[in-house]
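Have a look at the structure below before the remarks.
What follows draws every value from the coordinates through simple rules; no lab data is involved. Owing to the predicted nature of the structure, the values given are computational and were not obtained by experimental measurement. Note: ideal-geometry Cβ built from the backbone for every residue, glycine included; neighbour counts use all protein chains shown.
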């Protein structure tokens with residue numbers, strides 16, 4: 001509907017840009033600052049000169065001031081394209097409080113409020129107008145904008161325009177055409193997280209003319225980057241409780257992947273951990289989202305559990321930590337969200353609670369964002385059924401449900417149908433979208449689906465990069481900087497504040513201070529000696545191996561493929577244990593963060609920095625050996641088909657009855673709880689602790705977390 005605007009007009013002859021004295025006066029008068037920050041002056045200069053500009057600055061560096069001050073110093077109105085209502089609200093409220101002429105137009109407003117804002121725009125009474133990119137399709141907004149003199153277009157969070165960016169928004173692709181209809185005003189595009197590939201995509205998609213590029217670097221020296229290995233839900237909750245206790249009284253954000261997890265985790269933190277906390281996600285009523293944001297910004301609320309709908313542009317200086325409950329989509333998203341900590345320049349932490357299985361949720365999201373031909377056709381058929389006289393008015397999620405699709409996949413599918421021309425977006429009417437239905441076009445669909453497949457491949461690669469960050473034993477900060485193409489990644493020393501670089505670097509610093517005289521292994525308790533041996537065996541491996549292979553090596557197995565490990569000094573050293581028992585000990589070390597599992601289809605075990613430190617300092621590593629045989633007792637627990645005595649058979653029957661009841665409650669087949677082989681092994685071993693439970697084949701950390709308490713209680717009864 002861009003043709004509702006008048007044809008492009010020639011821009012008026014620009015007045016000379018303001019001098020340094022005028023800039024300093026406006027900065028002091030409107031914002032109360034005595035001077036610009038590092039990088040801001042360099043970015044502001046081309047904006048005031050009327051040059052197209054791409055600005056890449058770290059979160060918290062003050063990007064928004066560049067176009068806000070530029071708007072006040074240039075003629076005409078500045079249109080700010082902003083992706084989230086939360087982002088608009090924060091900036092508009094701040095500017096309005098300073099008495100500056102600013103309006104926002106978004107879907108959270110009522111009809112009267114929107115009409116008043118549109119009238120302000122049409123009269124030229126606002127210097128800044130904040131809108132979402134979808135608003136460029138609104139007839140009423142386009143009519144109002146046609147009457148205004150647009151002097152500057154600012155595209156905030158410009159990575160959203162790139163299909164390789166972490167917040168790709170298809171509606172951002174309409175900005176270039178809308179800009180031409182505005183009279184082609186100068187454009188400034190700003191982002192904190194753009195790789196060189198994304199930067200190039202921004203320039204192309206926005207049709208920036210010979211732009212000035214300002215990339216000030218990505219390092220945030222006051223942030224400490226850490227990853228906590230939490231293989232199970234139980235371990236993750238325990239780690240979070242410990243972390244929050246360490247940061248009692250500190251302001252922080254916890255990012256999660258879904259709305260349901262946000263609400264569940266909020267209840268857990270409030271009810272079980274006793275911490276005041278609120279939830280924020282896009283599914284909440286507008287009034288509740290505004291309330292949470294206002295409380296947090298005023299400092300009356302210290303902790304928010306949120307999806308990525310919260311935080312973009314929310315500028316609270318004293319946030320001391322940003323935690324991620326699960327892996328985000330990619331490193332760009334992670335770094336941007338982590339960057340909301342420590343904007344005051346004081347030490348702050350960015351922590352990721354990492355479980356390898358979390359990647360499956362992200363893989364599901366990737367698939368939802370890459371619908372196939374059949375899904376698109378089904379969505380279009382639903383649209384055709386609901387349309388009247390070729391025009392469809394519907395809520396996207398309702399239409400997705402009618403097509404039998406998940407809302408996430410449905411929204412993506414509708415966007416793709418618009419790109420193929422099968423649907424033409426006419427207008428937005430509150431929560432309703434209005435389309436004209438044109439029908440399927442094979443050639444257009446093929447072209448769009450090819451780009452979707454490229455994007456799916458790219459996102460899969462992005463996820464692999466983030467997993468590498470979570471699993472690396474090297475410097476996490478250097479990995480981040482290298483990802484963004486920052487030359488500082490190769491510096492001999494990184495500029496840092498006192499808090500430190502990352503968890504791996506902190507441990508390595510302690511390794512350098514290892515005492516010259518180390519305690520003999522002989523003086524350590526037997527469990528610690530065994531633990532250090534298990535860790536040292538991993539360190540000395542010539543070929544990386546999985547947990548079961550390590551257990552075979554430590555017990556001296558002669559199975560096929562084990563000959564290559566016979567040269568290890570640890571081959572057969574734990575032959576008095578069964579393979580399952582050694583495997584259980586390795587599981588403990590994984591849960592305690594001395595080891596990590598890396599790799600996809602063929603996972604292998606590696607030392608963490610904490611494991612390296614334990615070996616270097618010969619620390620007394622805690623290891624639960626309860627019920628595990630010593631050298632004087634060679635009893636083995638077999639998890640194969642086991643001959644049971646009468647008591648064992650009776651226990652096996654009770655375990656099967658428990659399994660049936662548990663499966664029925666969970667609405668899953670019994671074999672998904674445990675198979676008979678594992679139940680027979682449980683009846684034979686009768687473990688009395690979680691460590692012994694993990695030694696039984698078929699029981700991993702996730703199953704122990706889900707069923708361990710119930711099993712141990714049942715087994716204790718005999």
>> Can you give me the angle between helix 63-73 and the longest principal axis of the chain, using Cα atoms only, in degrees from 0 to 90, rounded to the nearest 10?
In response: 10 degrees
> Plugging the Kirkwood radius over Cα pairs into Stokes-Einstein for region 533-601, at a temperature of 20 °C and a viscosity of 1.002 mPa s, what D comes out in µm²/s?
Replying inline: 177 µm²/s
>> Over the Cα atoms of region 223-354, each weighted equally, I'd like the Debye log10 I(q)/I(0) at q = 0.10, 0.13 Å⁻¹, rounded to two decimals.
In response: -0.27, -0.47
> Between residue 107 and residue 482, what is the FRET efficiency for a Förster distance of 41 Å, r being their Cβ-Cβ separation, to the nearest 0.05?
Replying inline: 0.55
> Rounded to the nearest 500, what is the chain's calculated 222 nm mean residue ellipticity when only DSSP H runs of at least 4 contribute -39500 (n - 2.57) each, over all residues?
Replying inline: -14000 deg cm²/dmol
>> Can you tell me the orientation of helix 676-685 relative to the chain, as the angle in degrees between its alpha-carbon axis and the longest Cα principal axis, to the nearest 10?
In response: 50 degrees
> Across bins of 5 angstrom width beginning at 0, how are the C-alpha pair distances of region 158-265 distributed, in whole percent?
Replying inline: 2, 9, 14, 15, 13, 11, 11, 11, 7, 5, 3, 0
> What FRET efficiency, computed as 1/(1 + (r/R0)^6) with R0 = 41 Å and r the Cβ-Cβ distance, is obtained for residue 197 and residue 96, rounded to the nearest 0.05?
Replying inline: 0.65
>> Between residue 373 and residue 543, what is 0.36 nm times their sequence separation minus the Cα-Cα distance? Round to one decimal in nm.
In response: 56.8 nm
> By how many nm would the segment from residue 706 to residue 357 lengthen if fully extended, with 0.36 nm per residue of separation less the alpha-carbon distance?
Replying inline: 124.2 nm
> How large, in Å, is the chain by the Kirkwood hydrodynamic radius built from its alpha-carbon pairs?
Replying inline: 28.8 Å
> For the chain, what is the relative contact order in percent, using Cα pairs closer than 8 Å and at least 6 residues apart in sequence?
Replying inline: 10 percent
>> What distance in nm separates the two pseudo spin-label positions at residue 22 and residue 294, each 7 Å out from Cα along the beta-carbon direction?
In response: 3.8 nm
> How would you rank 56-64, 117-125, highest first, on the average number of other Cβ atoms within 10 Å across their residues?
Replying inline: 56-64, 117-125
> Hey, with R₀ at 25 Å, roughly what FRET efficiency would residue 318 and residue 238 work out to, going by the Cβ-Cβ distance, to 0.05?
Replying inline: 0.40
> Want the number for residue 116 to residue 598: 0.36 nm per residue separation, take away the alpha-carbon distance, what's left?
Replying inline: 167.8 nm
> Taking only Cα atoms, what is the 0 to 90° angle, nearest 10, from helix 359-368's long axis to the longest principal axis of the chain?
Replying inline: 40 degrees
> What are the extents of the Cα atoms of region 299-452 along their three principal axes, listed from largest to smallest and rounded to whole Å?
Replying inline: 60, 35, 24
> If we restrict to alpha carbons, what Rg and Dmax does region 2-215 come to, in Å?
Replying inline: 16.0, 45
>> Quick check on packing: order 204-215, 432-443 by the mean number of other C-beta atoms within 10 Å, highest mean leading.
In response: 204-215, 432-443
> Can you list the residues of region 80-110 with backbone N under 16 Å from a point 7 Å past the Cα of residue 125, pointing along Cα to Cβ?
Replying inline: 96, 99-105
